[in-house]
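The values are calculated or read from the model by the stated rules, or taken from the named source; none is laboratory data. What you see is a predicted model, and the numbers here were worked out from it, not measured in a lab. Here Cβ is always computed from backbone atoms with ideal geometry, including for glycine, and neighbour counts include all displayed protein chains. Areas reflect the complete protein model, heavy atoms only, side chains present, ligands, DNA and RNA absent. Shrake-Rupley method; radii C 1.70, N 1.55, O 1.52, S 1.80 Å.
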Amino acid sequence: MPIPEGHVAFRRSPEFTQDTIPSALRLAHETTHDTWAIIHVLEGKLRYCIIDPPSETILEPGRPGEIEPEVRHRVEPLGEVRFYLEFHYPPERHPATDA
């Protein structure tokens, strides 16, 4: 499912490598109910695993992965890799629209 129209990118993680991936990303975790994310692989390959229902996708440059809200998932490097995460909020939650 694509990120809903109108969602706004609000934060980008640092770039991670196979050596600097936080352990929390390697373990099952999820985003909040209204936060989507995109995994952008800059170099190498990254396995993106959805826990339930089980599935996995190999991400690489030009093939990003979308993380839906509240979907338990984890990532696993496949050799050398460099990637970052981009988080998206709905427009009503974006800090720029707060009154």
### Query
Counting alpha carbon pairs within less than 8 Å and at least 6 residues apart, what relative contact order, in whole percent, applies to the chain?
42
#### Entry: Pairwise label distance in nanometres, Asp52 with Ser13, each label 7 Å out on the Cα-Cβ vector
2.2
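Which of the GluC sites (Glu not before Pro) found in the stretch 1-63 are loop residues per DSSP with 12 or fewer other Cβ atoms within 10 Å of their Cβ? Don't skip to the answer; put the middle values down first.
Numbers: sites: Glu5, Glu15, Glu30, Glu43, Glu56; in loops: Glu5, Glu15, Glu30.
Answer by residue number: Glu5.
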### Net +/- balance of residues flanking Ile67 in space, Cβ distance below 13 Å, scoring K and R +1, D and E -1
-4
### Task
As a check on your grasp of the helix formula, calculate [θ] at 222 nm for the chain: sum -39500 (n - 2.57) over DSSP H runs of n ≥ 4, divide by the residue count, round to the nearest 500.
-500 deg cm²/dmol
### Query
Probe 1.4 Å, all protein chains in place: accessible area of Asp19 in Å², nearest 10?
130
### Query
For Thr20 and Arg72 in one chain, what is 0.36 nm times their gap in residues minus the Cα-Cα distance, to one decimal in nm?
16.6 nm
### Task
Do me a favour and compute the ellipsoid semi-axes for the chain from its Cα gyration tensor, root of five times each eigenvalue, largest one first, whole Å.
23, 15, 12
### Summary
In Å², rounded to a whole number, the accessible area per residue of the chain with probe 1.4 Å is 59
